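What follows is a short report on a single structure.
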Amino acid sequence: MTGAGGLRGVAAWVWEHDSASARAARVALSPLAMLFGAMARGRVARIEPQPTPIPVLSVGNLSVGGTGKTPMASWFARALQDRGARPALVLRGYGDDEWRVHELLTPAVPVLRGRERAESLRRAVAMGCDVAVLDDGFQHRQVARVSDVVLVSADRWPHRLRLLPAGPYREPLSALGRASAVVVTVKAAPPAVVQATVDALAAVVPADRLAVVQLRPDALVPVIGAAEAAGATSPARPRVSAPLATLAGEAVAVVTAIADSDAFARQLIGGGARVTVHHRFPDHHAFDAADVARVSTALHGAGRVVCTLKDAVKLGPLWPRAAAPLWYVSQTVVVERGAEVLARECDRVLVARATAVPTAG
């Protein structure tokens, strides 16, 4: 791999591998991590967030990817919509997947992407939106927010927290003091690891700001490729979703381009699937025809290929009609504890909405 994808692959190796060479790389990068931390603190101190035309709920994280930010941002957008608000989802639009996923998860909510979040918020007002959910906003301090929700993954909880570039963390745990709520997200982490994460966070986060949610696999959904969507569909192709239990005892090939691919594989294995091969690509990888040709032919005896929704929006248009069927696993957000914490964050936004007078600027 070359370019950004190759760099992400090298970064994942440095951060996650336990080999002697990876440990040496982390030690060598420690001075740069200290410098990065000092720069991050200085940046937060000098930036004064600017007022926004509508109230903003920010969903962010301390680490680089893998916390479930996209499904949680969509969850908050739906929660605000259910309470009578007209939300917009605002994000930078990094890569070619997050905004597409949002459009599928919350089709009735406008998804606005661009480097300038303030401009996106003005566009949201012009579209009739009266609140906004900012995806990946914790370190983006230019725009003010009435709610600052930060996600921490139990599945990726480190034995030792390391800042970039020696580790995946953008800020230390002390930065959680800026958050109005902290949500521990769980994909496949065992209860003991979840509790250890909660206990570690309790040292810096008051109990009334802490929640735990499960990002639970829900169903298998067939991915309709471009050729099939154009009408060249084989009658044998599945057209409806299936329960995840369908995978019990079945040999499947897995393909992922997400930050925490191991947690996804553990979810499938926990559901009884036999993973014959796992094709891992760096987070946000832009699949090309060569990637798809390799993945769709290297199945190692599997009759089905399984991915995440984030991967499906990119793989679908390239997937060969003659290949094994491609499915993605839908996820559902299940609040395990702290439902009142999440409700309070929605209330903050709704109260601010009631007193705001939106203008297009």
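The values are calculated or read from the model by the stated rules, or taken from the named source; none is laboratory data. From a predicted model like this one, the values you see are computed outputs, not experimental measurements. Glycine gets a Cβ as well: all are built from the backbone with ideal geometry, and neighbour counts include every protein chain shown.
Results, tabulated for the structure shown:
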quantity: Test: residue in the range 229-247 that is in contact with a strand residue (DSSP E or B) (Cβ under 9 Å, 6 or more places away or on another chain), within 30 Å of residue 61 (Cα to Cα) and either at pLDDT below 95 or assigned to a strand (DSSP E or B) (or both); calculated: yes
quantity: Residue that is nearest to residue 346 (Cα to Cα), among those in the range 126-152 that are of a type in the set (Gly, Ala, Ser), surrounded by fewer than 21 Cβ atoms within 10 Å (Cβ to Cβ) and in contact (Cβ under 8 Å) with a residue 60 or more places away in the chain; calculated: 144
quantity: Qualifying residue in the range 76-92 (condition: surrounded by fewer than 22 Cβ atoms within 10 Å (Cβ to Cβ), more than 25 Å from residue 354 (Cα to Cα), in the same structural domain as residue 130 (by TED's automatic domain parsing) and in contact (Cβ under 8 Å) with a residue 40 or more places away in the chain); calculated: yes
quantity: Leading residue by the ranking (farthest from residue 8 (Cα to Cα)) among those in the range 93-115 that are hydrophobic (A, V, I, L, M, F, W, C) and crowded, with 19+ Cβ neighbours inside 10 Å; calculated: 109
quantity: Enumeration of residues in the range 312-349 that are under 21 Å from residue 132 (Cα atoms) and either among the basic types (Lys, Arg) or buried (at least 18 other Cβ atoms within 10 Å of the Cβ) (or both); calculated: 333, 341, 342, 344, 345, 346, 348, 349
quantity: Strands (runs of 3 or more DSSP E) contained in the range 26-114 and holding at least 2 residues of a type outside the set (A, V, I, L, M, F, W, C); calculated: 56-61
quantity: Residues (acidic (Asp, Glu) and touching a helix residue (DSSP H, G or I) at 6+ places or on another chain (Cβ under 8 Å)) located in the range 156-210; calculated: 171, 208
quantity: Filter pass, residue 294 being modelled with pLDDT under 95 and over 18 Å from residue 71 (Cβ atoms); calculated: no
